[in-house]
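In what follows, a structure is listed as structure tokens, so that the remarks can point back to it.
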Amino acid sequence: AKFAEYGFNKSHSAAYAYISFQTAYLKAHYPVEFMAALLSCEMDNTDKVVKHINECREKDIDVLPPDINFSRQDFTVLDGKIRFGLAAVKNVGLGAIESILSARDSGGSFTCLADFCSRIDLRKTNKKVLESLIKCGACDCLGKNRAQLLAVLEDVVGMAQRRQKEKERKQVSMFEMIAETTGQDEGFDIVYPEIDDWDKKERLTFEKECLGFYITGHPLDEYRQILK
């Protein structure tokens with residue numbers, strides 16, 4: 001009984017002190033990797049993710065937006081910067097992420113929205129998932145602004161779904177025959193509307209909706225000097 005008064009507390013103090021020493025060492029010597037691991041562990045908790053990202057910014061560690069051509073499931077480190085994990089994007093489940101990573105690993109980077117939609121499994125990556133990826137900026141690498149991508153999304157998804165169903169039925173469409181003979185994919189000749197991208201306020205609103213916080217800026221950025 002006498003030992004129980006202090007033994008339990010002592011054992012826990014020693015164990016937590018040891019873990020604290022290890023993590024303090026990693027944070028001091030490998031700050032980027034440490035923060036990426038911490039963000040991955042806490043990605044289900046928006047409040048903690050916001051806190052950790054703010055700490056990254058205070059330490060001049062860049063946190064890059066999610067990107068379908070570079071992001072993995074969790075937060076990762078690339079060239080001394082932290083790349084946002086796809087699993088932290090709202091409405092994007094593990095099935096959709098696996099489909100995206102599998103298509104990218106086997107066929108290389110996605111070149112346009114049509115290429116992206118035709119290569120991933122649209123049964124796992126539905127329209128809601130694609131909308132979230134566009135709104136948070138994960139599809140900015142496809143060469144068009146977010147407003148343009150969202151404007152043609154429904155048409156592109158419809159065409160990609162038809163193609164995938166044809167392949168499942170082992171049918172060769174006229175468009176695929178043309179593509180094989182000419183080297184051009186006429187079936188995906190998408191015409192993007194000539195529209196401007198969303199303004200900063202709208203872009204940040206969508207980022208907040210899909211990520212739970214702002215990633216490419218903040219509504220108060222223009223007032224930062226005044227606030228200081």
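Can you name the condition, by its number, that residue 160 falls short on among (1) surrounded by 15 or more Cβ atoms within 10 Å (Cβ to Cβ); (2) closer than 18 Å to residue 145 by Cα; (3) modelled with pLDDT of 85 or more?
(2)
Does residue 219 satisfy the criteria of being modelled with pLDDT of 90 or more and part of a loop (DSSP other than H, G, I, E, B)? Give the steps one after another, and end with the answer.
Values: modelled with pLDDT of 90 or more: no; part of a loop (DSSP other than H, G, I, E, B): yes.
Considered against the rule, which asks whether it is modelled with pLDDT of 90 or more and part of a loop (DSSP other than H, G, I, E, B), residue 219 comes out as no.
Checking the condition out of contact with any Leu (no Cβ under 6 Å at 6 or more places or on another chain) and outside any helix (DSSP H, G or I), which residue from 37, 28, 1 passes? Spell out how you get there, then give the answer.
Values: 37 fails: outside any helix (DSSP H, G or I); 28 fails: outside any helix (DSSP H, G or I).
The conditions single out 1.
Table: residues versus (1) at pLDDT 95 or above; (2) within 30 Å of residue 106 (Cβ to Cβ); (3) small (Gly, Ala, Ser).
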{"residue": "6", "(1), (2), (3)": "no, no, no"}
{"residue": "9", "(1), (2), (3)": "no, no, no"}
{"residue": "14", "(1), (2), (3)": "no, no, yes"}
{"residue": "44", "(1), (2), (3)": "no, yes, no"}
{"residue": "50", "(1), (2), (3)": "no, no, no"}
{"residue": "62", "(1), (2), (3)": "no, yes, no"}
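Within the stretch 194-216, which residues are among the hydroxyl-bearing types (Ser, Thr, Tyr) and at pLDDT below 90?
Kept after step one, since they are among the hydroxyl-bearing types (Ser, Thr, Tyr), are these residues of the stretch 194-216: 205, 214, 216.
Hits for the stretch 194-216 are 214, 216.
Please work out which one of (1) open to solvent by less than 70 Å² (accessible area, probe 1.4 Å); (2) modelled with pLDDT under 95 is the condition residue 23 fails and give its number.
Just one mismatch for residue 23, condition (2).
Can you find, within the stretch 42-61, the residue that is least open to solvent (accessible area, probe 1.4 Å) among those that are out of contact with any Leu (no Cβ under 9 Å at 6 or more places or on another chain) and within 22 Å of residue 132 (Cα to Cα)?
43
Could you grab the pairs with beta carbons closer than 6 Å, sequence gap of 6+ or different chains, first residue in the stretch 73-90 and more than 19 Å from residue 135 (Cα to Cα), second one open to solvent by 70 Å² or more (accessible area, probe 1.4 Å) and at pLDDT 90 or above?
77/33; 81/62
Among the helices (runs of 4 or more DSSP H) lying completely within the stretch 69-150, list those that include at least 1 residues that are surrounded by fewer than 20 Cβ atoms within 10 Å (Cβ to Cβ) and touching an Asp or Glu at 6+ places or on another chain (Cβ under 8 Å).
Numbers: elements: 94-107, 113-119, 127-135.
Hits in the stretch 69-150: 94-107, 127-135.
The values are calculated or read from the model by the stated rules, or taken from the named source; none is laboratory data. Everything numeric here is computed off the predicted structure, so don't read it as measured data. Every residue, glycine as well, gets a Cβ built from its backbone with ideal geometry; the counts of neighbours run over all protein chains shown. Heavy atoms of the whole protein, side chains included, go into the accessibility calculation; ligands, DNA and RNA do not. Shrake-Rupley method; radii C 1.70, N 1.55, O 1.52, S 1.80 Å.
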